[in-house]
1. Which whole-Hz ³J(HN,Hα) couplings does segment 210-222 yield from phi under the Karplus relation 6.51 cos²θ - 1.76 cosθ + 1.60, θ = phi - 60°, glycine and proline marked x?
2. Please give the Cα centre distance for segment 152-169 versus segment 246-277, rounded to the nearest Å.
3. Gap in Å between the Cα centre of segment 217-240 and the Cα centre of segment 297-311?
4. Take the alpha carbon gyration tensor of segment 33-317, find the square roots of its eigenvalues, order them as a ≥ b ≥ c, and report rounded if a/c is under 1.5; if not, report prolate when a/b exceeds b/c, else oblate.
5. Output ³J(HN,Hα) for segment 253-268: one whole-Hz value per residue in order, computed from phi by the Karplus curve 6.51 cos²θ - 1.76 cosθ + 1.60 with θ = phi - 60°, and x for Gly and Pro.
6. Near the amide H of LYS31, under 5 Å away, which other amide H atoms are found, from residues 5 or more places off or on another chain, if H is placed in the peptide plane?
7. What relative contact order, as a whole-number percentage, does segment 33-317 give when Cα pairs under 8 Å and 6 or more residues apart are counted?
8. Considering only segment 33-317, what is the antiparallel percent among its DSSP beta bridges, to the nearest 5?
Amino acid sequence: MRLLYKSLLLVLGGAGFFLLAGLVAVWAPDKPLTALTERWAGAPSQFLPIDGQQVHLRDEGPRDDPLPVLLLHGASDSLHTWDGWAQALAPRRRVIRFDLAGFGLTGPASDNDYSIARHVRQVLAVLDHLGVQRVVLGGNSLGGQVAWATAVAAPGRVAQLVLVDAGGYAMPAQEVPLALRLARIEGARRAMAYFLPRGLLLASLRNLYGDPSKVQPELVDRYYDMALRAGNRRAFGYRVDAAMVDSSAQIRTLVLPTLILWGGSDRLIPLASGQRFASDIARSRLVVMDGLGHLPHQEDPQRTVAELLRFLDGMHAN
């Protein structure tokens with residue numbers, strides 16, 4: 001009996017040791033902004049006091065461009081997702097991009113408001129701060145939803161729309177990333193504020209790509225650091241809790257030149273949503289990028305920006 005008792009203690013002690021070792025391995029405390037700026041906020045990054053926050057923004061290209069291109073990232077992303085597009089566009093167009101409240105290096109909002117209406121107000125505040133009256137407004141995923149919602153709220157500020165695998169319709173995802181599924185569970189969401197396994201992030205990113213082999217370590221580093229920016233993980237929880245009001249009826253009120261780019265292998269927001277956007281928005285055109293996933297602009301910048309340039313040149317010709 002005494003031997004059995006000792007054996008049980010050894011087993012429990014061993015289990016406890018490996019559990020503790022596992023927790024230590026995935027322990028990921030917040031990182032202050034100052035620890036991230038050297039790697040992720042080099043030139044031409046700047047921080048502007050807008051709407052009560054220090055907004056991380058990049059503004060590139062010719063300042064005399066009469067119609068700048070403003071690009072909005074998706075949930076859990078940052079302005080870096082548009083690096084490929086900005087590099088291709090900046091020699092000829094002014095390109096503006098910034099980290100939305102609760103994401104990237106901008107970080108959390110003091111009032112924990114991450115509604116679409118709040119993001120729209122932030123977009124307009126950025127334009128006002130920069131003295132820009134009208135733009136070509138593009139966005140991916142959440143950023144796409146903010147883009148079309150801005151066009152609805154302030155049609156005079158948006159000349160053309162670019163929707164890249166945009167949100168807006170209440171349609172179930174074919175394969176929701178694990179990180180998002182966990183964020184919907186209260187206990188798991190609390191734990192995510194202190195623990196962040198890189199493997200979880202890697203799996204989520206691979207799920208968002210048409211070709212998972214394109215997800216390289218440096219890409220994982222970026223998403224990992226942006227997630228650890230102080231306050232972002234808690235902000236993500238508030239974002240998941242934000243009221244999901246179906247306002248898709250507003251989409252049908254849009255009448256403006258719109259390019260709808262969609263990854264044919266998007267498992268998060270299926271192609272059916274892209275087809276519905278094309279049906280609901282007058283003067284729109286849908287381009288399906290076969291083999292690409294939910295982040296087609298990031299997965300293949302060269303191929304996707306070529307479609308954007310064709311769209312912009314076509315609008316200029318008209």
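1. x, 10, x, 5, 7, 7, 9, x, 5, 5, 4, 4, 5
2. Each part reduced to its Cα centre gives a spacing of 10 Å.
3. One Cα centre to the other: 26 Å.
4. Working: a/c = 1.36, a/b = 1.20, b/c = 1.14.
Here segment 33-317 falls in the rounded category.
5. 7, 6, 9, 7, x, 9, 9, 10, 9, 9, x, x, 10, 5, 9, 8
6. When sequence neighbours closer than 5 places are left aside, the close amide H contacts are ARG229, ALA230.
7. Details: 543 pairs, mean separation 54.8, N = 285.
RCO, segment 33-317: 19 percent.
8. On the way: 10 of 36 bridges.
Roughly 30 percent of the DSSP beta bridges within segment 33-317 come out antiparallel.
A short reminder: the numbers here are calculations on the coordinates, not readings from a lab. No experiment lies behind these values; they were computed from the predicted model shown.
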